[in-house]
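**Q** Can you read through this structure? Questions will come right after.
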């Protein structure tokens, strides 16, 4: 095993010449590490051991990186978080389509946003979607959960058959409830892949899995998403997370995802999961508008536990210290 000594920033590109060396790119962040029973022979020879953010370890010349001290790490972390917040809340940033969108209203409650690319398609279905100066509504005769769900499903299936919206190519065969707020009664249901075409809020459950070792050092389990995932392939993620389908509560969803994505036994999840809050944001991309609400959980896991993926959602898991997570 090895332990993390400190964090460092690469100041020169370095191309590995041997299999035990690391390729480095200027301005990337790495963790300087020490292996058990290491007698510092490599450092005496002008080399340093390090771990990259993708989990690979190796050696590199000592003068190719500089140590990050607490003040620089805090500044780097703060700037990174600000950039991330701007990205995940991009719909509310200057330059988004928000000012050109129309509201999507049902039963006098706003439930979404309609961008012009979606509006162009909805105009083909005037018996279901009625356009006003500043909004789209459902036709007056659609006044129950059942007939709204049926009418919207017919439109969405027809649009999918015509391949007119990119987001519908990621069809899930998974239904989400449509509400003006999570605590409000559902107005109808919709295919998950279609939600972003209507700017409808989706809800999910996310868990931070952590370990406290015998020295009191905190570590987090970080998952790397499968390269074949429809959304955010190959990117780092919470240990387990998933969208809340119409038949699950947030906690039921979290227990299910813990078992499927990280093989956390149901009994352990029910005992240890702790609800710690929620976060909401709205981002925009080629698929549409994505208002999202995430229910957040923490779970402290035994030091002997190692997560494994059983549904091909995650490629691998890393156990990182908090400073490693930050870079």
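Values in this text are rule-based calculations from the coordinates and carry no lab data. Only a predicted model underlies this, so the values are computations on that prediction, with no experimental measurement involved. Backbone-built Cβ (ideal geometry, glycine too); neighbour counts: all protein chains shown.
**Q** Write down, largest first, the equivalent ellipsoid semi-axes of the stretch 2-68 in whole Å, where each equals the square root of 5 times an eigenvalue of the alpha-carbon gyration tensor.
**A** Details: eigenvalues 55, 35, 26 Å².
Rounded to whole Å, the semi-axes are 17, 13, 11.
**Q** Compute the long axis of helix 70-88 from its Cα atoms, compare it with the longest principal axis of the Cα atoms of the chain, and write down the angle in degrees, 0 to 90, nearest 10.
**A** 20
**Q** As a check on your grasp of the helix formula, calculate [θ] at 222 nm for the chain: sum -39500 (n - 2.57) over DSSP H runs of n ≥ 4, divide by the residue count, round to the nearest 500.
**A** Roughly -6500 deg cm²/dmol at 222 nm, from the helical runs in the chain.
**Q** Can I ask one more? Nearest 5 percent is fine: what portion of the DSSP beta bridges confined to the chain is antiparallel?
**A** Expressed as a percentage, antiparallel bridges in the chain total about 80.
**Q** May I ask you to order 13-26, 202-215 by the average number of other C-beta atoms within 10 Å around their residues, highest value first?
**A** So the peptides 13-26, 202-215, ranked by packing, come out 202-215, 13-26.
**Q** Treating the angle as unsigned and between 0 and 90°, give the value, to the nearest 10°, between the Cα long axis of helix 250-262 and the longest Cα principal axis of the chain.
**A** Orientation of helix 250-262: about 50 degrees from the principal axis.
**Q** Could you tell me which of rounded, prolate or oblate describes the stretch 89-169, using a ≥ b ≥ c as the square roots of the eigenvalues of the alpha-carbon gyration tensor, with rounded for a/c under 1.5 and, failing that, prolate when a/b is larger than b/c and oblate otherwise?
**A** Note, shape of the stretch 89-169 comes out oblate.
**Q** While we're looking at this one, here's another question. Under the rule a/c < 1.5 gives rounded, and otherwise a/b versus b/c splits prolate from oblate, where does the stretch 202-326 land using the Cα gyration tensor?
**A** prolate
**Q** So what is the relative contact order for the stretch 181-327, in percent, with contacts set as C-alpha pairs under 8 Å and at least six apart? Present the calculation step by step, with values, prior to reporting the outcome.
**A** Values: 283 pairs, mean separation 48.9, N = 147.
Contact order relative to length: 33 percent.
**Q** Further question on the same structure: Would you calculate the separation in nanometres between label points at residue 308 and residue 147, each defined as 7 Å from the Cα along the Cα-to-beta-carbon direction?
**A** 5.3
**Q** Can I ask one more? Which whole-number percentage describes the relative contact order of the stretch 91-176, with Cα contacts under 8 Å and a sequence gap of 6 or more?
**A** Value for the stretch 91-176: 19 percent.
**Q** Same structure again: Can you give the angle from 0 to 90° between the axis of helix 145-162 and the longest principal axis of the chain, with both taken from C-alpha atoms, to the nearest 10?
**A** Taking the Cα atoms of the chain, the angle to 145-162 is about 70 degrees.
**Q** State the antiparallel share, in %, of DSSP beta bridges confined to the stretch 202-326, rounding to the nearest 5.
**A** Just about 75 percent of them are antiparallel.
**Q** Please tell me the relative contact order of the stretch 193-266 in percent, rounded to the nearest whole number, where contacts are Cα pairs under 8 Å and at least six residues apart.
**A** Dividing the mean separation by the residue count of the stretch 193-266 yields 27 percent.
**Q** Could you list the residues of the stretch 287-327 with an amide nitrogen less than 13 Å from a label point located 7 Å from the Cα of residue 214 in the Cα-to-C-beta direction?
**A** Output list for this probe position: 303-304.
**Q** Would you order 180, 97 from fewest to most other beta-carbon atoms within 10 Å of each residue's own beta-carbon?
**A** 97, 180
**Q** What is the gain in length, in nm to one decimal, between residue 25 and residue 227 on full extension, counting 0.36 nm per residue of separation less the C-alpha to C-alpha distance?
**A** On the way: separation 202, 0.36 × 202 = 72.72 nm, distance 2.27 nm.
Extending this stretch completely gives an extra 70.4 nm.
**Q** Apply the a/c threshold of 1.5 to the C-alpha gyration tensor of the stretch 137-250 and tell me whether it is rounded, prolate or oblate.
**A** oblate
**Q** Assuming R0 = 22 Å, can you tell me the calculated FRET efficiency for the pair residue 271 and residue 237, based on Cβ-Cβ distance, to the nearest 0.05?
**A** Numbers: r = 24 Å, r/R0 = 1.07.
Result of the calculation: an efficiency of 0.40.
**Q** Under a plain spin-label model, where a point goes 7 Å from the Cα along Cα-to-Cβ, how far apart in nm are residue 100 and residue 139?
**A** That separation, rounded to one decimal, is 2.9 nm.
**Q** How much length would be gained if the chain were fully extended between residue 16 and residue 173, taking 0.36 nm per residue of separation minus their Cα-Cα distance, in nm to one decimal?
**A** Details: separation 157, 0.36 × 157 = 56.52 nm, distance 4.61 nm.
My answer for the length gained is 51.9 nm.
**Q** Determine, for 312, 106, the number of other Cβ atoms within 10 Å of each Cβ, and report the residues in order from fewest to most.
**A** Values: 312 11, 106 21.
With the sparsest Cβ surroundings first, the list reads 312, 106.
**Q** Between residue 130 and residue 84, what FRET efficiency follows from the Cβ-Cβ distance if R0 is 56 Å, with the result rounded to 0.05?
**A** Working: r = 38 Å, r/R0 = 0.69.
Computed FRET efficiency for residue 130 and residue 84 comes out at 0.90.
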